[in-house]
Amino acid sequence: MKLTLDLICFGIQKHGGITNYWVNLIDFFEKKNFDIEVILPKNSHQKLENFKNLRVLKENIPASISRYLPIRQSNQTITHSSYYRKPLFKSNILITTLYDFAYEYSEKGLKKFVHSSQKNSALRNSDAIICISESTKNILMKTTDIKEEKVYVTQLGVDNKNFYNEKDLEFEKKFKNTVLFVGSRSTYKRFDLAVNALSYESDLRLGIVGPAMNRSEINFLNEVIPERWDYLGFVDYENLRKLYSSAFAFIFPSDHEGFGLPILEAMACGCPVIAAMRTSFLEIGKSSILYAEKQEPYKYFLEIDSLKTSNEKREILKNNGILRSKIFTWNKTFEKTSEIYSKFI
């Protein structure tokens, strides 16, 4: 199968779910001996040095500009866009992955207009649209007149080589009373809810994994939960696995997500999850995680507190989360993706 992967996302995002998705996609298709070429942006955050059979076409314009320019023309059968670009001349099949509507939800003004215009144009010109959750598909169907027959769902997976329950006495001793917050803290991620929820507690700490803290965030933490928070920085898979496996709970109060991969990773490690009752979270967690009834700090506190008062509940959530996470595999994700490609050959 002749395939071009437009990896403009590697010039936009350093870490996160989108990056994980595409790195795993390349790995899968290389092992399947697909005829693959990739379009790599200038100053890509991913170098792809571990992949030996890729033909790499490098762009010369910074991703901050090229993200808005057409995809380089290709002689391959299918072009799969990672972030809403389309070819100048549509000479082959175009497939676009749709992650979420977070930008539309959280941004305003010109930035929102530019992003939405580019996204809508790419989606309308695509022969197939791959949504990463039923939730994302449902929003697409409700907000556009795009025909459902060209829309497919391929839920994301968890890497069980990196995420599984691992006992580590040193980590358990240090983090057994820690509620973890992992990832970006941008507005719609609702970091404020996690911090304020712990203000009702007295003996639990907040462990923060992700980008460097700014002065405003530090002041906020010191005001609301003084001396009960730890900034843990970016951590590798090994240490993140140990953190999830050892922590009291994982909190994910985001207002909007296309999928919510950290929920799945925490579940795979046996970490009880408390999430918003929104978008894709019910689809992922079902009854294996806890949900805050409303986007209010006290509602999150009630779920946290329920884990403190019942060790049996924590064990049930831990075991159910591990079992539930096994349903979501990258192999299943990419086998379905391959089936979609096959429809156009």
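Quick test for you: out of Gly207, Gly233, pick the one residue that is on the phi > 0 side of the Ramachandran plot and modelled with pLDDT of 95 or more.
Result: Gly233 is the single residue among Gly207, Gly233 that is on the phi > 0 side of the Ramachandran plot and modelled with pLDDT of 95 or more.
Please enumerate the residues belonging to the stretch 289-315 that are assigned to a strand (DSSP E or B) and open to solvent by 10 Å² or more (accessible area, probe 1.4 Å).
Residues satisfying the conditions are Leu290, Tyr291.
Conditions first: (1) open to solvent by less than 10 Å² (accessible area, probe 1.4 Å); (2) in contact with a Gly (Cβ under 6 Å, 6 or more places away or on another chain); (3) within 18 Å of Glu166 (Cβ to Cβ). Ile322 passes all but one, so which condition is the exception?
So Ile322 meets the others, but not (1).
Looking for whichever is surrounded by fewer than 17 Cβ atoms within 10 Å (Cβ to Cβ), closer than 24 Å to Phe163 by Cβ and hydrophobic (A, V, I, L, M, F, W, C) here; the options are Phe191, Phe234, Phe259, Phe250. Which one fits?
Unique residue meeting the criteria: Phe234.
Which numbered condition in (1) farther than 22 Å from Gly11 by Cα; (2) open to solvent by less than 10 Å² (accessible area, probe 1.4 Å) is the only one that Ile146 fails?
Every listed condition holds for Ile146 apart from (2).
Quick one: would you say Tyr105 is open to solvent by 20 Å² or more (accessible area, probe 1.4 Å), of a type outside the set (Lys, Arg) and in a strand (DSSP E or B)?
Taking the combined requirement at face value, the residue does not satisfy it.
Residue check: is Leu140 outside any helix (DSSP H, G or I) and surrounded by 13 or more Cβ atoms within 10 Å (Cβ to Cβ)?
Considered against the rule, which asks whether it is outside any helix (DSSP H, G or I) and surrounded by 13 or more Cβ atoms within 10 Å (Cβ to Cβ), Leu140 comes out as no.
I'd like to verify a number: residues in the stretch 187-230 that are among the aromatic types (Phe, Trp, Tyr) and in a loop (DSSP other than H, G, I, E, B), how many?
So the count comes out to 1.
Looking only at the stretch 271-288, count how many residues are outside any helix (DSSP H, G or I) and either among the aromatic types (Phe, Trp, Tyr) or open to solvent by 10 Å² or more (accessible area, probe 1.4 Å) (or both).
3
Might you let me know whether the stretch 241-257 holds any residue that is free of Cβ contacts under 8 Å to residues at least 24 places away in the same chain, within 20 Å of Ile322 (Cβ to Cβ) and touching a strand residue (DSSP E or B) at 6+ places or on another chain (Cβ under 8 Å)?
no
With the requirement that a residue be hydrophobic (A, V, I, L, M, F, W, C), crowded, with 20+ Cβ neighbours inside 10 Å and under 24 Å from Val209 (Cβ atoms), what does the stretch 1-57 give you?
Matches in the stretch 1-57: Cys9, Phe10, Ile18, Trp22.
From the list Asn320, Asn311, Asn331, which residue is on the phi < 0 side of the Ramachandran plot and either modelled with pLDDT of 95 or more or charged (D, E, K, R) (or both)?
On inspection, the qualifying residue turns out to be Asn320.
So, in the stretch 275-299, of the ones that are touching a residue at least 24 places away in the same chain (Cβ under 8 Å) and among the acidic types (Asp, Glu), which residue ends up farthest from Gly157 (Cα to Cα)?
Across the stretch 275-299, the extreme among qualifying residues is Glu296.
Which of the residues spanning the stretch 77-91 are surrounded by fewer than 19 Cβ atoms within 10 Å (Cβ to Cβ) and either basic (Lys, Arg) or out of contact with any Phe, Trp or Tyr (no Cβ under 9 Å at 6 or more places or on another chain) (or both)?
Result: Pro87, Leu88, Phe89, Lys90, Ser91.
Determine whether Lys167 is open to solvent by 10 Å² or more (accessible area, probe 1.4 Å), part of a helix (DSSP H, G or I), touching a helix residue (DSSP H, G or I) at 6+ places or on another chain (Cβ under 8 Å) and touching a residue at least 60 places away in the same chain (Cβ under 8 Å).
The answer is no for Lys167.
The values are calculated or read from the model by the stated rules, or taken from the named source; none is laboratory data. Treat the numbers as computed from the prediction; the structure is a model and nothing was measured. Glycine gets a Cβ as well: all are built from the backbone with ideal geometry, and neighbour counts include every protein chain shown. Just so you know, the surface numbers come from the protein's heavy atoms only, side chains and all, with ligands and any DNA or RNA stripped out. Shrake-Rupley method; radii C 1.70, N 1.55, O 1.52, S 1.80 Å.
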